[in-house]
Amino acid sequence: MEFIFDLLTPYGITENTFQNMLIAAILGISIYITLYAGLFSLANAGFMATGAYVSVILTTRYEWDFLLAVGAGIIAAGLISAIISVPVLRLSDIYLAIATIGFGEILVVLLRNFDRIYELIVNKEETITGGATGIKGIPVITTTEYLLLYLGIVVFLMVRLHRSRFGRALVAIRQDNKVAANMGINVVYYQNMAFILGAMIAGGAGALHGHLNRIILPENYGFDRAVDILTFAVLGGTTTIIGPIVGGFIIAYLPEILRRTDLVGLLGDIFGTDLGRYQANVRDMTVGMILLGVIVFLPQGIASPAMWRRVANRIWNLFNPAEKSDA
Amino acid sequence: MATHQNSLEWRASVREIRNRLKVLTERYPIIANVLIIVLSALLGYFIPYLAAEPIFRTEFNNPEQNFILMLARAGWYSMFALGYALVFSILGLLNLAHGAVYMAGAFAGLWITANQDLPIEYALPAGMLAGGLIGILVDWVAFLPLRARNAPRTSQLISSIGASIFLVNLAFILFIDQFNAPVNRFPAEKVNSIRAFQGTVPIERIEVFGLTLIDQLDYTVFPMQVTMFVVAIVMLIFLQFVIAHSKIGKAMRVVAYNPKVAQLLGINVSLIFAVTFFLSGAFAGAAGVLQGMFRVVGPFMGSEVGLIGLTVIVLGGMRSIPGAVVGSFIIANLQIATIAMGYSWLEEAVVFLALFLMLLIRPQGILGEPLQDRA
């Protein structure tokens, strides 16, 4: 691993940044699979929270083995998604988006008040999720190798999925679910499976993320995180598996880009104030701009093969005018 | 078989009653609205009352106080949600940047009174104007290009989220620049100089035309709470009146039915879109200024009420304008009842639970038409 960081550190990619980039890529894939099935769901931040809290509580309170705890986090996220998927996936389009936003917010409020609810039910005071102050003092167990391994497994699964019956069924459903149903594809089953699969991937990412920063807070997994995850997929594009990975890498690398291009200082000069303390807000502002700009100007995302082919053709034609007249 | 026949007949009669009610509400929108508000308010009186009374009745928690709190909250949510519902009913798109527009209106009102030292009377018009203009700007930047290429509705949702994040964080930087603090208040002496805006001085007695109705209240009412409720009702009636009787309202209804048909009929569709966004933004701006005077103004004030407003319009029916007010009453009731029972920490959970359950049980909302676009 060391030699990779020797290469990357001059570009501002420290180990910590690289880990965040990997987590972002995994989360991007988790929303990619639901979008691949034609579902616009914003619940992945909630499933990430489930994975993170379950695995962290298991490792810190019950001293489980790390990998077992991550597995339990993945399964917990899968179970919760299985419970809500059947009723929620009756909705589509923006109604699905609203319902999943509601689900994420309920989960955040529950995590914030879990101890009080526990006290109400069991009549015993105990600190489990730690309320709004979160769980502190989590051992840092996640390493870059674990993240790379998990990303590798997820990418392998996705590539296999594209060529399987399951993947082709999802493509058919995304194109037109009525036609897909007429061709004998069980639309409800496949959409539910895609939703649960995305939730499990997000749960694993949450479990790994929980053991990365020594502290987890309910606010980390709210609406802002859901929008971030959406941005990974929108920026990269969802036509290929490369898209969400590229999108996640860019957004996680964004603070470093802002620091290098000194956009914070530039904005500070324009407004005449020192914005050094408010880098997070400048970063969020840029994310908003990216979301708006990409959806308006590049609806296929920046990692769309069709767009790059067009760009390459145009450059090729620029240097070979004869070829153009032939065509 | 007989039961099946019965249920069919029952359904037919329900449908007939609904159609007649619909015709009546279209013919007499103002009376219908007042009725809706009175019914919701009566309902609002009894839900917190029944919820809180058996458990405890303390000096801090009495039904009259709950009722006042509920009315003020319902007024605040209605002012906000009317604009949401207006945009959705005319354009069929969900504008998640509405919370940012609300914040921008409050910011403009605050800036003009605190920084430019203009009197407080200018705050409300300035907030409404700023909200309206930013509403049009959001339409031009985030929705117009997508409408032009006929993008799916989810793309419009994403672009409105992007616009919202951008506006909120830009406002944060501007707040730091203008006030050196991320959260600010309207100057108290200015706010208290106008009776209707007093946010810190409670009413001691209620007089109507020199006639004392109630003296020495055993509960607290702030003039601002009354103002918010009254403004919300005036807005609802104004909006219903415009849509039902004015020429531009007729054009709006045609555009809502089908923009292409409207174009063929010689209606300036882009003007109608601009007017819709201006009205929606102006309502959000007014809500922001009034709520900002009552509490505080900050760049993130729109994100909380934004999600609650979403719940409100989902409950009331996303294409229904009176539905926004009904939804506000329901949400305000639920919240006040939860607080009155002593579970104030579940205040948000109740809202989102209502949102979630409503979408599962009846996605078109209470006053909405059945959805056609479900899979």
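The values are calculated or read from the model by the stated rules, or taken from the named source; none is laboratory data. Small disclaimer: the values here were computed from a predicted structure and weren't measured. All Cβ positions, even for glycine, are placed from backbone atoms using ideal geometry, and neighbour counts span all protein chains on display. These area figures cover heavy atoms from the full protein model, side chains too; ligands, DNA and RNA do not enter into them. Shrake-Rupley method; radii C 1.70, N 1.55, O 1.52, S 1.80 Å.
Starting with the highest mean, order A:246-254, B:252-260, B:320-328, A:58-66 by the number of other Cβ atoms within 10 Å, averaged over the residues of each peptide.
Highest mean packing first, the order is B:320-328, A:246-254, B:252-260, A:58-66.
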Inset, instruction - Mind giving me the nanometre distance, one decimal, between the label points for A:D115 and A:F3, set 7 Å out from Cα along Cα→Cβ? - result: 4.9
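Counting pairs of Cα atoms in the range A:1-125, how many percent are more than 18 Å apart? Don't skip to the end; give the middle numbers.
Numbers: 5077 of 7750 pairs.
Counting pairs separated by more than 18 Å, the tail of P(r) holds 66 percent.
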Inset, instruction - Could you tell me the distance between the Cα centroids of the range A:1-50 and the range B:64-115, to the nearest Å? - result: 36
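Take the eigenvalues of the Cα gyration tensor for the range B:209-353, scale each by 5, and report the square roots as semi-axes in whole Å, largest first. Present the calculation step by step, with values, prior to reporting the outcome.
Values: eigenvalues 230, 82, 44 Å².
One finds semi-axes of 34, 20, 15 Å for the range B:209-353.
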Legend entry - Which of A:Y253, A:Q300, A:F271, positive extreme of dipole for the range A:250-311 (C-beta unit charges): A:Q300
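Report, in debye and to the nearest 20, how large the dipole of the range A:2-326 comes out about its Cα centre when Lys and Arg carry +1 and Asp and Glu carry -1 on their Cβ. Intermediate results must be reported in sequence, preceding the final value.
Numbers: 22 positive and 23 negative charges, 209 e Å.
For this selection, approximately 1000 debye.
For chain A, what does -39500 (n - 2.57) per DSSP helix run (n ≥ 4), summed and divided by total residues, give at 222 nm, in deg cm²/dmol to the nearest 500?
-24000 deg cm²/dmol
Placing +1 at every Lys and Arg Cβ and -1 at every Asp and Glu Cβ, with all other atoms neutral, what dipole size does the protein assembly as shown have around its Cα centre, in debye to the nearest 20? Let's see the in-between values first.
Numbers: 45 positive and 43 negative charges, 513 e Å.
Magnitude of the dipole: close to 2460 debye.
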Legend entry - B:I120 accessible area, assembled protein chains, probe 1.4 Å, Å²: 10
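If R0 is 30 Å, what FRET efficiency do you get for B:V234 and B:N268 from their C-beta distance, rounded to 0.05? Working shown, then result.
Working: r = 28 Å, r/R0 = 0.93.
According to the calculation, E is roughly 0.60.
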Inset, instruction - Provide a whole-number value for the mean count of partner chain Cβ atoms within 10 Å of the Cβ atoms in peptide B:344-356. - result: 5
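Keeping all protein chains in place and using 1.4 angstrom, which order do A:Y36, B:Y122 fall into by accessible surface area, from largest down?
On the way: A:Y36 20, B:Y122 125 Å².
Highest to lowest solvent-accessible surface, that is B:Y122, A:Y36.
Is there a simple number for the mean count of other chain Cβ atoms within 10 Å of the Cβ of residues in A:29-41, and what is it?
On the way: counts 0, 0, 0, 0, 0, 0, 1, 0, 0, 1, 1, 6, 0.
The mean count of partner-chain Cβ atoms within 10 Å per residue comes to 1.
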Inset, instruction - Just the number, please: carbon plus sulfur as a percent of the accessible area of the protein assembly as shown, 1.4 Å probe, no ligands or DNA/RNA counted. - result: 64
Inset, instruction - With a 1.4 Å probe on protein heavy atoms only, tell me which residues of the range A:279-314 lose at least 30 Å² of accessible surface in the complex relative to the chain by itself. - result: A:N281, A:D284, A:M285, A:G288, A:L291, A:L292, A:I295, A:V296
Inset, instruction - Would you work out which of B:S159, B:S280, B:L133 lies farthest towards the positive end of the dipole of the range B:30-361? Charges go on Cβ: Lys and Arg +1, Asp and Glu -1. - result: B:S159
Inset, instruction - Quick one: accessible surface of B:F186, probe radius 1.4 Å, all protein chains present, in square angstrom to the nearest 10. - result: 10
Inset, instruction - Just tell me, in residue order, which DSSP H segments of chain B are both 24 angstrom or longer along the helix axis (alpha-carbon based) and at least 0.5 in mean Kyte-Doolittle hydropathy. - result: B:29-52, B:63-91, B:153-179, B:223-245, B:269-294, B:321-340
Legend entry - Most mobile of B:N180, B:N169, B:N62 in a GNM of chain B (Cα contacts under 10 Å): B:N180
Inset, instruction - Calculate the mean, over all residues of peptide A:219-232, of how many other protein chain Cβ atoms lie within 10 angstrom of the residue's Cβ. - result: 2
Inset, instruction - Kindly report the accessible area of the protein assembly as shown per residue (heavy atoms of protein chains, probe 1.4 Å, no ligands, DNA or RNA), in Å². - result: 46
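Just to make sure I understand: if all protein chains stay in place, what is the order of B:E347, A:E15 by accessible area at 1.4 Å, largest first? Kindly include the intermediate steps, with their values, before the conclusion.
On the way: B:E347 50, A:E15 85 Å².
Result, largest first: A:E15, B:E347.
Give me the net charge for the shell around B:I267: Cβ to Cβ below 13 angstrom, other residues only, Lys and Arg +1, Asp and Glu -1.
Working: positive: B:K247, B:K250, B:R253, B:K260; negative: none.
Within the 13 Å Cβ shell, the charges total +4.
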Legend entry - Packing-based ranking, highest mean first, of B:352-360, B:98-106 given that Cβ atoms within 10 Å are counted: B:98-106, B:352-360
Inset, instruction - Using only protein heavy atoms and a 1.4 angstrom probe, determine the accessible area buried between A and B, summed over both sides, in Å² to the nearest 100. - result: 4400
Legend entry - Rg ratio (alpha-carbon, reference 2.2 N^0.38 Å) - chain A: 1.08
Inset, instruction - Lys and Arg at +1, Asp and Glu at -1: add these up for the other residues within a Cβ distance under 15 Å of B:A100 and post the number. - result: -4
Legend entry - For the range A:55-112 and the range A:192-267, distance of Cα centres in Å: 17
Legend entry - Among B:L271, B:F179, B:F222 - extreme Cα towards positive end, dipole of the range B:30-361, charges at beta-carbon: B:L271
Legend entry - Dipole magnitude of the range A:1-110 about its Cα centre (Cβ charges: Lys, Arg +1; Asp, Glu -1), debye to nearest 20: 420
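Let me check against my output: what whole-number percent is the relative contact order of chain B, with C-alpha pairs under 8 Å and at least 6 apart?
Working: 574 pairs, mean separation 111.2, N = 375.
That works out to 30 percent.
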Legend entry - A:H162 accessible area, assembled protein chains, probe 1.4 Å, Å²: 50
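With Rg and the Kirkwood Rh both taken from Cα atoms, where does Rg over Rh land for chain B? Could you put the intermediate results ahead of the total?
Details: Rg = 21.4 Å, Rh = 21.8 Å.
Rounded to two decimals, Rg/Rh equals 0.98.
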Inset, instruction - For the range A:212-327, restrict the atom set to alpha-carbon positions and state the Rg and Dmax in Å. - result: 18.7, 63
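For an R0 of 25 angstrom, estimate the FRET efficiency from the Cβ-Cβ distance between B:R295 and B:L174 and round to the nearest 0.05. Write down the numbers at each step before the final one.
Details: r = 20 Å, r/R0 = 0.78.
The calculated FRET efficiency here is 0.80.
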Inset, instruction - Just reorder A:T100, A:T127, A:T239 by solvent-accessible area, largest first, 1.4 Å probe, all chains present. - result: A:T127, A:T239, A:T100
Legend entry - Low-density loop cleavage sites - GluC sites (Glu not before Pro) in the range A:93-193, where at most 12 other Cβ are within 10 Å (DSSP): A:E125, A:E126
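In a shell of Cβ-Cβ distance under 13 Å around A:D269, excluding A:D269 itself, what net charge do Lys and Arg (+1) and Asp and Glu (-1) give? Walk me through the numbers on the way to the answer.
Working: positive: none; negative: A:D262, A:D274, B:D177.
Here the count lands on -3.
Stokes-Einstein at 25 °C, 0.890 mPa s, Kirkwood radius from Cα pairs: D for the protein assembly as shown in µm² s⁻¹? List each step's numbers first, then the result.
Values: Rh = 27.3 Å.
Translational D for this selection: 90 µm²/s.
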